[in-house]
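This structure is in structure tokens; I'll ask about it shortly.
The values are calculated or read from the model by the stated rules, or taken from the named source; none is laboratory data. The structure presented is a predicted model; accordingly, all values stated were derived computationally and were not measured. When we count neighbours, we look across all protein chains shown, and the Cβ atoms used for this are built from the backbone with ideal geometry, even at glycine. Accessible surface areas use protein heavy atoms only, side chains included; no ligands, DNA or RNA. Shrake-Rupley method; radii C 1.70, N 1.55, O 1.52, S 1.80 Å.
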Amino acid sequence: MDLQLKDKVAVVTGAAGAIGGAIAEALAAEGAHVAIWDICDEAGSRRAETLRGAGGQAISCVCDVTDRDAVEAALAQTLDAFSTVDLLVNAAGGSRAQTTTSPDLSFFEIRQRDMELVMALNYLSAVLPSQAVGPTLAQKGEGAIVNIGSVAGGEPLTRSLTYSNAKAAVASFTQWLAVHMAQEYSPRIRVNAVAPGFVLTDQNRFLLLDEQSGELTPRGETVLSQVPMRRFGEPHEIATLALWLASPRASFLTGTVIPVDGGFTAFCGV
């Protein structure tokens with residue numbers, strides 16, 4: 001199916017990571033021009049080089065998406081290269097062990113600063129780029145924003161306090177912004193979110209798989225016991241839905257938060 005993304009200009013935040021990277025690669029394969037916004041200069045540059053090596057058009061912008069000035073600078077660099085922006089995918093995010101309860105860290109001991117950092121990394125990382133790119137979409141009267149949330153935003157994960165809270169905020173923000181952009185600027189500006197389930201990435205692999213044997217850890221076994229499809233997701237499976245939501249093929253879809261989770265949110269545990 002032609003997603004009609006050829007020559008569209010897409011910003012992907014966190015595109016040096018697994019999910020953001022898969023989305024950036026898929027966009028480039030569809031003929032979109034991709035601006036990679038990532039805090040890691042070296043990894044972002046490598047991703048852009050990979051896309052260009054495969055025949056795509058891509059640039060890398062060093063950007064801390066929790067900092068308004070950095071976001072504005074990345075937007076200026078993107079506009080200088082591609083003149084406009086049509087699509088925004090907010091894929092930056094992550095967690096910190098300091099906000100996850102454990103035998104060594106109780107809920108009562110979690111520090112405010114650590115919670116603020118995780119909230120910024122997952123919530124403000126969607127809000128600030130949307131504020132920066134939004135005026136360009138409003139002026140054009142069309143475009144799409146896709147936020148990468150998590151099933152944790154609807155089903156708070158045991159022990160994962162602030163990450164779950166932040167992803168719930170992303171889901172709420174997605175719905176709010178969808179209505180705001182449609183009513184205040186143009187009904188052809190759409191805002192949706194993908195809520196991935198458990199996807200193996202470099203960030204969580206050590207929690208789910210034993211580094212030596214490659215077998216499931218106790219945590220990994222617990223996770224898969226709650227996933228009817230009995231496997232972890234792959235980044236490209238998240239990218240497939242993100243691209244469709246960003247494309248004109250999803251022209252009557254806005255304000256949605258769609259899980260891609262192997263049935264996790266459909267399973268009640270019995």
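Would you mind finding the one in 177, 121 that is over 26 Å from residue 224 (Cβ atoms), in a helix (DSSP H, G or I), of a type outside the set (Lys, Arg) and open to solvent by 20 Å² or more (accessible area, probe 1.4 Å)?
None of the other options fit; the residue is 121.
Let me ask you something else. Which pairs have Cβ atoms under 6 Å, sit 6 or more apart or on different chains, and link a residue in the range 241-260 that is on the phi > 0 side of the Ramachandran plot and assigned to a helix (DSSP H, G or I) to one that is surrounded by fewer than 18 Cβ atoms within 10 Å (Cβ to Cβ) and acidic (Asp, Glu)?
Partner pairs satisfying both residue conditions: none exist.
Give me a count of the residues in the range 61-81 that are touching a strand residue (DSSP E or B) at 6+ places or on another chain (Cβ under 7 Å) and open to solvent by less than 30 Å² (accessible area, probe 1.4 Å).
Qualifying residue count for the region: 5.
Another one. Quick one: what pairs do we get from the range 23-52, first residue without any contact (Cβ under 8 Å) to a residue 24 or more places away in the chain, second open to solvent by less than 20 Å² (accessible area, probe 1.4 Å) and not in a helix (DSSP H, G or I), C-beta under 8 Å, 6+ apart or different chains?
Going by the 8 Å Cβ cut-off, the qualifying pairs are 48/34; 48/36; 48/58; 52/58.
Let me ask something else about it. Just the residues that are modelled with pLDDT of 95 or more and touching an Asp or Glu at 6+ places or on another chain (Cβ under 7 Å), please, taken from the range 62-114.
Matches in the range 62-114: 62, 63, 70.
Still on this structure: Keeping to the range 87-116, report how many residues are closer than 24 Å to residue 43 by Cα and either of a type in the set (Gly, Ala, Ser) or crowded, with 18+ Cβ neighbours inside 10 Å (or both).
Residues meeting the conditions: 10.
Now for a different question. So, in the range 135-161, of the ones that are assigned to a loop (DSSP other than H, G, I, E, B) and open to solvent by less than 30 Å² (accessible area, probe 1.4 Å), which residue ends up farthest from residue 258 (Cα to Cα)?
Ranking the candidates gives 141 first.
Return the residues of the range 217-233 that are among the polar types (S, T, N, Q) and over 11 Å from residue 204 (Cβ atoms); say none if nothing qualifies.
222, 225, 226
Something else: Grab the strands (runs of 3 or more DSSP E) fully contained in the range 5-109, keeping just those with 3 or more residues being under 17 Å from residue 135 (Cα atoms) and within 19 Å of the chain's Cα centre (by Cα).
9-13, 87-90
Looking at the range 174-231, which of the residues that are charged (D, E, K, R) and within 30 Å of residue 135 (Cβ to Cβ) is farthest from the chain's Cα centre (by Cα)?
If we take residues in the range 174-231 being charged (D, E, K, R) and within 30 Å of residue 135 (Cβ to Cβ), then 184 is farthest from the chain's Cα centre (by Cα).
Here's a follow-up. Does residue 51 count as modelled with pLDDT of 95 or more and surrounded by 16 or more Cβ atoms within 10 Å (Cβ to Cβ)?
yes
Got a number for residues in the range 30-56 being of a type in the set (D, E, K, R) and out of contact with any strand residue (DSSP E or B) (no Cβ under 9 Å at 6 or more places or on another chain)?
Of the residues in the range 30-56, 2 are of a type in the set (D, E, K, R) and out of contact with any strand residue (DSSP E or B) (no Cβ under 9 Å at 6 or more places or on another chain).
Please list, ordered by first then second residue, the pairs with beta carbon atoms under 7 Å, 6 or more apart or interchain, first in the range 117-129 and touching a residue at least 24 places away in the same chain (Cβ under 8 Å) and over 13 Å from residue 164 (Cα atoms), second part of a helix (DSSP H, G or I) and open to solvent by less than 60 Å² (accessible area, probe 1.4 Å).
So the pair list comes out as 126/170; 126/173; 127/173; 128/71; 129/71.
Cβ-Cβ distance below 6 Å, separation of 6 or more or different chains: which pairs start in the range 85-108 with a residue that is closer than 22 Å to residue 203 by Cα and end on one that is part of a loop (DSSP other than H, G, I, E, B) and at pLDDT 95 or above?
Matching pairs, first to second residue: 91/14; 92/14; 92/65; 99/110.
Of a type in the set (Lys, Arg), closer than 22 Å to residue 23 by Cβ, without any contact (Cβ under 8 Å) to a residue 24 or more places away in the chain and open to solvent by 10 Å² or more (accessible area, probe 1.4 Å): is that true of residue 205 in this structure?
yes
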